[in-house]
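Reviewing the structure listed below.
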Amino acid sequence: IFYFGMVALILFTNPLVINRVVAWWEPETYSIQNNIKPFDVGVLLSGATRGMDIHTNRPVYGSGADRLLQTIDLFKKGHIRKILLTGGSGSLSRPEERESAVIAKVMRDCGIPDSCIFVENDSRNTFENASMTAGFIRKHPELEGRMLVITSAFHMPRTMACFKKAGLNADFYPVDPGTTP
């Protein structure tokens, strides 16, 4: 058991091994420069914040903040026309705190017009993100068309499977890769 433990320790703490495993899991990054026609809607999955700081009333950004920054960049450069924020509260202790509402305020503060921001804030996980996005788009025909789903690269395989199961035809834009170049 000792030798097995030592081999496991060396193997699973080795950055080269970890980098290879993560690279195998994550899809290749998408080059938006090759896209000629803009997407009608960019769907941003929650996970950019860890909640609101109750003392300062400001969002506390987490490791998924790259999702938010990349979405703002895509919008500002004209690669997406509208943004659908999907994600409510995954918190058991503060279910009233809806991440998409927080992110919508951040986007407005960054100069994105209200008319381009849509909020689905009831979903609590990736499966619900996909199924509630499908329902939301059926109720808002102005969001129909070419869709780009934005989330972290490590989260992308699950996201792709859930959106496919929900019957949504989308392109996927993985950000914040966990591998090092």
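Residues are listed down the side, and each one gets a yes or a no for (1) of a type outside the set (A, V, I, L, M, F, W, C); (2) at pLDDT 85 or above:
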| position | (1), (2) |
| --- | --- |
| F12 | no, no |
| I18 | no, no |
| A23 | no, no |
| V41 | no, yes |
| Q70 | yes, yes |
| D73 | yes, yes |
| H79 | yes, yes |
| S91 | yes, no |
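Residue count for region 54-84 under the criterion of being assigned to a strand (DSSP E or B), open to solvent by 50 Å² or more (accessible area, probe 1.4 Å) and over 19 Å from Y173 (Cα atoms): the result is 2.
Looking at I1, is it open to solvent by 50 Å² or more (accessible area, probe 1.4 Å), more than 17 Å from A170 (Cβ to Cβ), at pLDDT below 85 and not aromatic (F, W, Y)? Steps first, please.
On the way: open to solvent by 50 Å² or more (accessible area, probe 1.4 Å): yes; more than 17 Å from A170 (Cβ to Cβ): yes; at pLDDT below 85: no; not aromatic (F, W, Y): yes.
When the stated conditions are applied, I1 does not pass them.
Restricting P141, P157 to those that are free of Cβ contacts under 8 Å to residues at least 24 places away in the same chain and either hydroxyl-bearing (S, T, Y) or farther than 20 Å from R50 by Cα (or both) reduces the list to P141.
The values are calculated or read from the model by the stated rules, or taken from the named source; none is laboratory data. Source: prediction; values computed, not measured. Positions of Cβ are backbone-derived with ideal geometry, glycine not excepted, and every protein chain shown enters the neighbour counts. Surface areas here come from the heavy atoms of the whole protein model, side chains and all, with no ligands, DNA or RNA. Shrake-Rupley method; radii C 1.70, N 1.55, O 1.52, S 1.80 Å.
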